[in-house]
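Data first, discussion second: the structure below is written as structure tokens.
All of the numbers you see were taken from the coordinates with simple rules; none came from a lab. Just so it is clear, the model here is predicted, and its values are computed rather than measured. Note: ideal-geometry Cβ built from the backbone for every residue, glycine included; neighbour counts use all protein chains shown.
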Amino acid sequence: MTRRISIFLLALVFPLMALADPAKLTVEADRTSVTVGERINLTVTLEGDGVKYGSPFQLPDLSPYLTLVGQRGPFSESSTTIINGRMERSAKVSITYQFEARKAGTIKIPPLSYPVENRTARSNPIEIAISDAVRPTVIEGDTGWRPPSDPYVRVELDKDEAYVGEQIVATVYLYYRNDFINPELAPIDTGTDFIESKLGYATSLDPKTETFGGERWKVAYLYSQALFPIKAGEALIRPVTFKYFVATGRRSFFGPVTEGYAVSSDPIKIKIKPLPVAGRPADFEGEVGSFDIKVTPSFGSLKANEQFKFTVSIEGTGHMDYISKPRFEPPEGFDLYTEGVEKDYLKDKGRAVGRRRFKMILVPHKEGKHVLPPFTLSYFDPESGQYKTAKSPGVRLMVSPGDKSSEPLPLAASEPEVISAVGADLRYVKPDLDEYDGSVGWLGYSPAFAAAQLAPAAAVLASIFLRRRKDKLRHDVAFARRLRANKESARAMREARAALAKGDSAQACADVYRALAGFVSDNLNLAEAGLTAAEVTDALLEAGASEEAVELTRELLGSCDMARFGLGEGTDARSIVDKGEALLARLAKETRQ
């Protein structure tokens, strides 16, 4: 009986022992001939039985020829299968090391070794030939310029100088040779020198390959903005910060470890010229660009004292907030009213096109055929450097006799305010009293009537306040960011709650991180991209936050960072969201300015 059991056990063990394949260690280079300054990738792979996920391989000293500049991995995979009653196992660990050639010559990389259980796996030797960098041949489209860093952010302007109010298109490009993860890009910061309008942005990197200084680089479009300078002199476009992460190849308890880096574009100074005084029309109100005026419809047939409704559209390359109402002098016997104003932005061939539409009502009091004068707008054309006037076609009206029982509207000395009743008939209400004794009755002493008399003055004061506030929001970036801090952070927290409800813990933590980082950067007027924990700590302390709140902020940002990059396995996302809401409320009170 004992002999049968022994034979049975040996029958199980021997096949498994026979499957113990010796570990195999290989080294592969993506190229064996490089020039000084170029990079080479060495991929080390260990596979076979007994291979375990462990530390990186021990590399020999390859200086002064090659210098280690990066690493991807280690990456591991394993599998166990049973075929015809036989168990087959396989395991593999690989790491890619990136070296930069520093000195010309031939270097022989000796065989690498790695202990696996009771054996030692050895790799094959590799020989790398490094030649001196030669002056590259001129390639079509290669200007000889080379990005100073990898990656590199560059802001390109469509012009070197501009007039006040002239549109400048700024386009942001990313140059890189080596890949990265989790990129973050800040918007263009123009301070108070410009007002801005977004033109477009890339939803994903779609690079094209170009040659610079004899090297192949990937060039990706990121976004573009239209900038309108608001004052003459030297304007500054501040650096744009690009933040990214690189895998180190190391692992922690939470998973792969990454390192964050940040690069910035060069600041750009641009000369802004004042608008010339010579030739400036008397009715010029600051429009700069090229403009066109259209009237729709431009022809109508109606009776006297009836309404003719039409739209005057002004379209051009100026900022829409600074497109004034066109000039129009109605002839005798016509009244003009403004019913409403609309504005929006269009995009045409990579430029911002502002458009304002004025909905108008014209009331003729004379019958006959009429061709009214055109609507006009004086503007400065930066292309020609001259003042010009845009004109619409003249409106043609066929006016037939109207209702003789109605009285025509009197000519207005100046155009009334915007009419709120779109379809109301513009007629006088005639009193039916033959005599008036001079008494005002109870209405004249009514508080409601007195309040109604004060309403126009209150409306004027309110419009002045709103206008000043709008101007401050447009020109005071720090003030505008402080106002939006609470609103944007609250929106991010709502999105975190929604992600939590869907079971997406990583997205919920990412939203909490965005809420906290966005609140700190907006409330304290800091650039969110590239914002470090030390900068957050210093800025919050300077703004009056307590040390306890600052420490809570640092810890919570760290927890969110680990979770949003997939490093925080087992993270309590609900607790992070709850702590984030409480901390935001506390920071709002302690940093109130």
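Excluding residue 176 itself, what net charge comes from residues whose Cβ is under 14 Å from its Cβ, given Lys and Arg +1 and Asp and Glu -1? Please list the in-between numbers first.
Numbers: positive: 39, 146, 154, 177, 208, 216, 218, 243; negative: 150, 179, 206, 210, 215.
That works out to +3.
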Residue by residue, what Karplus-based ³J(HN,Hα) values in Hz, rounded to whole numbers, does the range 291-296 have, using 6.51, -1.76 and 1.60 with θ = phi - 60° and x for Gly and Pro?
9, 9, 10, 10, 10, 9
